[in-house]
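Note sheet for the following structure.
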Amino acid sequence: MGSSNKISKGVRFQKVGNTSIVPISAKILVVFIVLILLSCLSTNFITLVFTQRQTISLTNELLVYHLSDLYTNATNQYQISLYSQKRNESLESIEEAARRDFSKPHSIAMGVTAGGNIVFSARQDTSHSWYNFSDQNALEKMNEAYEAAQKAGTPERVEGSVTFFSPNGEEYMGVFKYHSDWKCFLIRGELTADTNREMYGIFLKISIIILVMTAFFMVVGISVLNVLFSNVRKFTKDVYDLHRSQQLDTMSSGELEAPIDISDAPNDDITYLAANFNNLYLNTATLRNIFQKFVSKHVVDMAYNEKRVELKGEQRQLTILFTDIKNFTNRTEVLGNEIIRLLNIHYNSIIGIIQPDESGDHRSKAFIGSLIGDAVLGVFGIDGTKENVNPQKSVDAVSCAWKMTQQTKKFREKMIARKKELVDQGKFNDQTQKVFEAVMIDIGVGIDGGEVFYGNIGSNKYMANTVIGDNVNSASRIEGLTRIYKVPVLCSEYVKNEVLKVPEGAGRYRFFEIDTVQVKGKLEGKKIFFPMDLEQEDADFAEYYTLEKFEEFEAGLRAYYSGDWKTARSQFKKSDMDVGKVFLDRMGLKNAPADWSGIWTMATK
């Protein structure tokens, strides 16, 4: 199906072309892990949010508790300052007592007047100095609470929570309460970042635990999935192997087997899916093989690969082979309906030569263009293009012609052997003789080539894959000339020239010109050639068609063309071949006509 569909194995996954085939178990595992992680981390984050709220609430309660202690201590120290008249010492005592309640790196306790002046300040972090309370928004909020309490007649209830910023921009959360003796707001606060840092630390620890546990359960999950999906991997491997070997292209109908082995598979839905795939494959392959018996393999491949067959065609350089059974009409009269059986035997032997299995030795793709009664049309070179013409196609066509001729001769030899058996048994009579003569089939093969139309014609309801062109008709007419010139194979100059371009063909075949013929309906003569096989395996053919005989014939043909018919008659007699006798009968004892051109004109097609 092309190189884009070549299957290879990567480090972990198999590939079709450049596309990795990811196992379904891996996808399930990845999705499962991602969902588990998202679930756990989302749950952890939600827990963090609620914990943060709870922590803030608990921190506020703790700050209120510490603020209460601070307020009580401030009241006591105020009384002491009145007695001792040592205000600063009392303030220092307040600061010292506040520090004992600090538990975080940036805890703070201070007294701030309504104008923002700091009365006292106890801080855990002394790297930055606070000369005044610079957060005007927080100060305004505390003053508003003071004014509201005054209006309500409850000046002792000036208290609440507040968020404020240090002079260097750090955010604090705290609680405040107004102290009427010291005439300032007592503030107890904690750096917001300290509280968040603790919570994020907890979040990180929990996340690490989640990741470790996920990794552990991933290993467990892989082991479990490997067991559960072991049959899936086996099934997919069978499908990959099927694709790699391209069995749909190479199997014959007698070799069809289910690609997936489910004999040891468990009774589950995956096995059911594999069984249905086997059934679908067998049905498709069977229909494809049946389809291929009625149309050319090229059309089947086109329909299979492109998933459609269209009415279209193009001009192509192709080689056309046409073969026909001689005296077929007389054979039909003798055999009656048995002629079908004889044709099937004949076709079974020669069709496999034109269109062999993939294991055949033909390098040029060929297909059966049509079966017309006793005639077969073979087309060679369909794997090429109009611009890229492969002369190997003509070599293959000539090779096929000789193989078909030899195959037909072998069939006749079998019939002769069968006749001998019947004669020995005393079962051979006049009627049997007629049947024997009818089954002694012989064929002629004509080959031509050139530019023809190749494609699908017809309608959307019915179409045929065919070749159309003058060279197709010419192949048929050349085949008809084999009966006249008494040779089994004839070809055109086009075929000769292509064969000689291929070293294999030039070394094996020697072309002898037979005649220049002007067929009916044509204005110019066409040279026809006999392609002698120098490696002929059949002893009878090799003995009859020799170089010496054809060299004598060639000398006679040259004299015939030049109008020296006397010399031509002498050379044709020396050649001692049936084709020479054809010219002797044509010339008789006459001399060449005055307007002789060397071209013989056929009166019929």
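The values are calculated or read from the model by the stated rules, or taken from the named source; none is laboratory data. Only a predicted model underlies this, so the values are computations on that prediction, with no experimental measurement involved. FYI the Cβ positions are ideal-geometry reconstructions off the backbone, even for glycines, and counts take in every protein chain you see. Heads up: the accessible areas ignore ligands, DNA and RNA and are worked out on the full protein's heavy atoms, side chains in. Shrake-Rupley method; radii C 1.70, N 1.55, O 1.52, S 1.80 Å.
Points to keep in mind about this one:
- Mean accessible surface per residue for region 479-605, computed with a 1.4 Å probe while every protein chain stays in place, in Å²: 52
- Between Val309 and Asn460, the contour length at 0.36 nm per residue exceeds the Cα-Cα span by 53.4 nm.
- Added length on full extension, which subtracts the Cα-Cα distance from 0.36 nm per residue, Leu35 to Ser597: 193.1 nm
- In units of the rule-of-thumb radius 2.2 N^0.38 Å, region 465-605 shows an alpha carbon radius of gyration of 1.08.
- Pairs from Lys522/Lys573; Lys486/Lys549; Lys393/Lys496; Lys393/Lys522; Lys496/Lys549; Lys486/Lys527 whose Cα-Cα separation, in the structure shown, is over 23 Å: Lys522/Lys573; Lys393/Lys522
- Ordering of 78-91, 564-577, 177-190 by packing [mean C-beta count within 10 Å, highest first]: 177-190, 564-577, 78-91
- Cα-based reach from Lys420 at 18 Å (exclusive), listing aspartates and glutamates while leaving out same-chain residues under 8 positions away: Asp430, Glu437
- Surface composition of region 528-605: carbon and sulfur atoms hold 50% of the protein heavy-atom accessible area at a 1.4 Å probe.
- Hypothetical label at Val423: residues of region 401-416 whose amide nitrogen lies under 12 Å (7 Å Cα-Cβ projection): 416
- Cβ-defined net charge surrounding Asp101, 10 Å radius [Lys, Arg +1; Asp, Glu -1]: +2
- Ile209 contributes about 100 Å² of solvent-accessible surface, heavy atoms of the protein only, 1.4 Å probe.
- Packing-based ranking, highest mean first, of 414-427, 132-145 given that Cβ atoms within 10 Å are counted: 132-145, 414-427
- Stretching the chain fully between Thr329 and Tyr65 yields a gain of 82.7 nm (0.36 nm per residue, less the alpha carbon separation).
- Phi angles across region 467-474 convert, under the Karplus curve 6.51 cos²θ - 1.76 cosθ + 1.60 with θ = phi - 60°, into 3J(HN,Hα) values of 10, 9, x, 5, 6, 5, 4, 5 Hz, Gly and Pro given as x.
- Amide H contacts of Asp261 (H built 1.01 Å from N, under 5 Å, at least 5 apart or other chain): none
- Accessible area expressed per residue, region 319-463, with surrounding protein chains retained (probe 1.4 Å, Å²): 51
- Listed by chain and number, the aspartates and glutamates whose C-alpha is less than 20 Å from the C-alpha of Lys574, apart from same-chain residues fewer than 8 away, are Glu513, Asp515, Asp540, Glu543, Glu548, Glu551, Glu552, Glu554, Asp564, Asp585.
- Net charge contributed by nearby residues that have their C-beta within less than 10 Å of Phe550 (K/R +1, D/E -1): -3
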